[in-house]
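A short worksheet on the structure shown next.
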């Protein structure tokens, strides 16, 4: 048996809540559409039991939020100097996203904040305001300060302030279309190429791309602090004995006939899922279909709007339906095109003063549509927003998975934290793209208000082994990884976080051993090539944690190979 023993410095998750400002959705050309025809099992009939309780700084199961400084050169006419730095940053956004390196938030607001952009003139950094009095011929080297970004998966592991990344971007971003035509842009079936959208389709690696480029430097200046575990404000949602939700299915395929348009198919499939899960179709839907079910102590009502009811963020003919969705529901799920920020529908909308949850399914959801909702609501006190930093394949339905986990929570003492809700999306869709903003100061907790000075939540301590190791193929002896807990503490709960790449995860068994007790938590339950998940092992509750914790990994069949990329032990105590 191969054994690896690693003693690791614990990461502590306690006290301060997350700073949740980021989650930009730049471009991953040429795909922009999200969630349409679901092909998986009905999430309302799946086991939604919690499999983890730890929260990361950025509320995403596999992500961390950072602030970065962006520095580079600019060649532009005098009248383009003001917009040039932010445009270069948008090219960087696409470059970094396409390579899964970093997800920059929108920088479209930076131009209106002169203190955020500085210029290097005669060896001294000056603000944009000061630069107005300087000969424009000296304005070549710039930097943008404190841009929010998200790192996911491997890029998030071990990230430190001072780390740098390089992004290949044009030196003359305002004229790239005139300079090189379509030579450096990925083709898109949905977007006609011109200068205004070149950044979204930017690909300097294309054969024949001859743009004058530079390596922009992105430096991590700050990592967000780690938070306490936070929850939706369930008490506010259930105050009147009812929780109301709406799902808006935008039109994805503009040229497809109605019977095969993916948004319409997704609408029909989701309606079937609700019916199969015991929701009754109610007759009083003001728009589309309405389903209802009494769960726990409340009535849970969900309205479904088809693409005919609201086709998307350019469908001003059905603006009244959009207005009804936003003003008459506590949970609002939008699944459709983002239109690259060209729609102001979210910004022109009025919002109720009650607590609401929004799930932005469109690509670039945070970049363009979190900010206007936040502004209209007047702050985060009555608002939480789930959004994606990466496009989601059109055959997946994050909204239905989210509502299925939410429905489970209504029937289980409101036990699903934001980590659990996001984890349900991740585990079902296989993507870590979704995070949540605005939950830093949420008060609700099943154990009592976390805003109460007498509330003393448990502390989570994380021990992680991020060194990959191979799983012997077809070897019943398997292999092990060991982490040592150096301190004496009683773990109220024990969670294993696993990240595995394997050609056939159905061949595998995983178990955790400590102090003579072994618990199998994965025994080939599913198929696929990636296993990323959190597993809370109730058998280890109230266990003395000091000593060795051993992960056993066994591949029971030959032919297919893989490895454990990382694993972590989270102890709540």
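Counting only DSSP beta bridges whose two residues both lie in region 233-410, roughly 30 percent are antiparallel. The packing ranking of peptides 553-563, 325-335, 68-78, 517-527, highest mean first, is 325-335, 68-78, 553-563, 517-527, where packing means the average number of other beta carbon atoms within 10 angstrom of each residue.
Restricting the calculation to Cα atoms, region 403-484 shows an Rg/Rh of 1.10 when the hydrodynamic-style radius is the Kirkwood one. Each of 152, 422 was scored by other Cβ atoms within 10 Å of its Cβ. Arranged with the fewest first, they read 152, 422. Counting every other Cβ atom within 10 Å of each residue's Cβ, 406, 434 order from fewest to most as 406, 434. Computed from the C-beta positions of residue 166 and residue 284 and an R0 of 60 Å, the FRET efficiency is 0.55 to the nearest 0.05.
The distance from the alpha carbon centre of region 167-230 to that of region 517-573 is 40 Å, rounded to a whole number.
Using 0.36 nm per residue and subtracting the Cα-Cα separation, the extra length available between residue 530 and residue 141 on full extension is 135.7 nm. Computed extension gain for residue 447 through residue 182, at 0.36 nm per residue and net of the alpha carbon distance, reaches 89.6 nm. Computing FRET efficiency as 1/(1 + (r/R0)^6) for residue 501 and residue 130, where r is the C-beta to C-beta distance and R0 is 56 Å, gives about 0.65.
Note on region 233-410: Cα convex hull, mean projected area over all directions, 9.8 nm². Computed over region 233-410, relative contact order equals 22 percent, with contacts defined as Cα pairs under 8 Å that lie 6+ residues apart. The ellipsoid equivalent to the alpha-carbon distribution of region 63-223 has semi-axes of 23, 23, 13 angstrom, derived from the gyration tensor eigenvalues as √(5λ) and listed largest first.
Distance from the Cα centroid of region 254-319 to that of region 370-388 is 24 Å (rounded to whole angstrom). Summarising the label geometry, the points placed 7 Å from Cα in the beta-carbon direction at residue 381 and residue 544 lie 5.0 nm from one another.
None of the figures in this text is laboratory data; all of them are computed from the coordinates on show. These numbers were taken from a predicted model, which means no experiment stands behind them. Quick reminder, even Gly has a Cβ in these numbers, built from the backbone with ideal geometry, and neighbours come from all protein chains shown.
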